[in-house]
Every structure is written in structure tokens, then in C-alpha cells.
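Below is one structure, written out as C-alpha cells; comments come after it.
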Amino acid sequence: MPVQPIRFFGDPVLTTTASLVSTFDKELRNLVSDLLDTMHEAPGAGLAAPQIGVSLQVFVWDIEEGDGHLINPSLELSSDIQEGEEGCLSFPGLTYETVRSLKAIAKGFNMFGEPVIVEGTELLARVLQHETDHLNGIVFIDRLSTSERKIAMADIRNSDWFNEAIDLGSSPTVKFSPHSLKGMAL
Ligand code: ZN
């Protein structure tokens, strides 16, 4: 299936709450396939449907333990936290120390409409939180402290991808990132 252009921060689709999937049909399975292909091409460790301009509650991931997808997720989070660098395919080249819960349990559905539960710790827990946030119109810099977020906004204003989008007068999109994503972008 085709690799899709990835939307960058500044595109309104990234700050919009995605709609619940109500029909588990071939179109949905094609969307999951497009997300996996686009994530692998980038490359990234996770990708949510709004990042390719589709405002539906669907995301995929691929980490060392394996790949997966989840539809209409809801999360239960541990009070234990983890620290660590986090990036996002919609913010090419930028990573920040982002505090997340250490463990996450995500309940949702697979692409055939069957209920599934995904339990993750550490990186998988981080991915589940980052991608579920995307479905709720939240991006990872929203999880930073006020002072860190200010630094991130300055980095974004100085980035090539943000300024190119402004020059073009359009929503920022490119086929893939020209920058290193450090294998951690989500
Ligand atoms: Zn992301």
C-alpha cells in the first residue's frame, strides 16, 4: 500500500480530536496498512492516523518486541513514571525529555473489530501514550513543562520544515523527513 505524506506540526489535523471508527471494513484495513508502510519508510516507532491527515482513532507501532495496531483506544496509566527522550514524526529532528507513565494498559479493537488489550511498559507504554494523545489532538510538546515547551516552540520556529511550510503558505507536509529521527520518533 502507498506511503502517505506525513503532516507536520502546524497542520490543524494534529490538534483535532479524531473520530471513533464505527465500520471495520476493507478501507480501515487499508488505512492500517498505509500507516505501517509510512511508519517503516520514515522510519519511526509509531504513527497515528491524523499524522497522515486521516482524523480517525487508529494508530500503529513497531518496536523491538514487534509491531501492532490499535483502534478506538482507551488508556489506564500507572502512577509510576519514566523519563526519557521522545520525538515525533510530525516534529522532524526534534526530541525532548518527556515524562510519561511507566506502564500503560490500552483497551481497544483490532482492524477486524475484535476487542484487544495491549499492556506495555517503558517504550511500548510511551508509544501507547504518545499515539493515544495524537488521537485526542494532543502533541508531545504539550506534555512538557512550560519552560521546556517555550524552548521547543523556539526550535520549531527555527526549523527548516516549519519555515518551508510557511513559505509555501500551506499545511506543512513532506513525503519523509530529511532529518535524523534517532529511531525514536512517534
Ligand atoms: Zn507523534
One residue from 124, 94, 56 being among the aliphatic types (A, V, I, L, M), within 16 Å of the ligand (Cβ to nearest atom), over 12 Å from the mean Cα position of the chain (by Cα) and open to solvent by 50 Å² or more (accessible area, probe 1.4 Å)
56
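Looking at 39, 1 in this structure, which one is modelled with pLDDT under 95 and either of a type in the set (A, V, I, L, M) or in a helix (DSSP H, G or I) (or both)? Don't jump to the end; show me each part of the working.
Details: 39 fails: modelled with pLDDT under 95.
The unique qualifying residue is 1.
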Residue under question is residue 113, and the condition is that it be touching a residue at least 60 places away in the same chain (Cβ under 8 Å), part of a loop (DSSP other than H, G, I, E, B) and within 16 Å of the ligand (Cβ to nearest atom); does it hold?
no
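In region 4-36, how many residues are touching a residue at least 40 places away in the same chain (Cβ under 8 Å) and either part of a helix (DSSP H, G or I) or of a type in the set (Gly, Ala, Ser) (or both)? First the steps, then the outcome.
Taking region 4-36 first, the residues touching a residue at least 40 places away in the same chain (Cβ under 8 Å) are 4-18, 20-21, 24, 28-29, 32.
Next, only the ones that are either part of a helix (DSSP H, G or I) or of a type in the set (Gly, Ala, Ser) (or both) stay: 10, 12-15, 18, 28-29, 32.
Count: 9.
Tell me the residue from 170, 177 that is within 14 Å of the ligand (Cβ to nearest atom) and either modelled with pLDDT under 95 or on the phi > 0 side of the Ramachandran plot (or both), please. Talk me through it step by step, then tell me what you get.
Details: 170 fails: within 14 Å of the ligand (Cβ to nearest atom).
That would be 177, the only listed residue that is within 14 Å of the ligand (Cβ to nearest atom) and either modelled with pLDDT under 95 or on the phi > 0 side of the Ramachandran plot (or both).
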Looking at this structure, is residue 108 surrounded by fewer than 17 Cβ atoms within 10 Å (Cβ to Cβ) and either within 10 Å of the chain's Cα centre (by Cα) or away from the ligand (no atom under 11 Å from the Cβ) (or both)?
no
Residues of region 42-66 satisfying the condition of being part of a loop (DSSP other than H, G, I, E, B), at negative phi and among the small types (Gly, Ala, Ser):
42, 44, 45, 55
Scanning region 74-91 for residues that are within 16 Å of the ligand (Cβ to nearest atom) and in a loop (DSSP other than H, G, I, E, B), which turns out nearest to residue 41 (Cα to Cα)?
89
Given the conditions (1) farther than 13 Å from residue 125 by Cβ; (2) part of a strand (DSSP E or B); (3) away from the ligand (no atom under 16 Å from the Cβ), report the number of the one that residue 69 does not fulfil.
(3)
Taking the residues in region 69-91 that are of a type in the set (S, T, N, Q) and in contact with a Phe, Trp or Tyr (Cβ under 7 Å, 6 or more places away or on another chain) as candidates, determine which candidate is surrounded by the fewest Cβ atoms within 10 Å (Cβ to Cβ).
72
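The values are calculated or read from the model by the stated rules, or taken from the named source; none is laboratory data. Quick caveat: nothing in here was measured; it's all calculated off a predicted structure. Backbone-built Cβ (ideal geometry, glycine too); neighbour counts: all protein chains shown. Remember, those area values only see protein heavy atoms, side chains included, never the ligands or the DNA or RNA. Shrake-Rupley method; radii C 1.70, N 1.55, O 1.52, S 1.80 Å.
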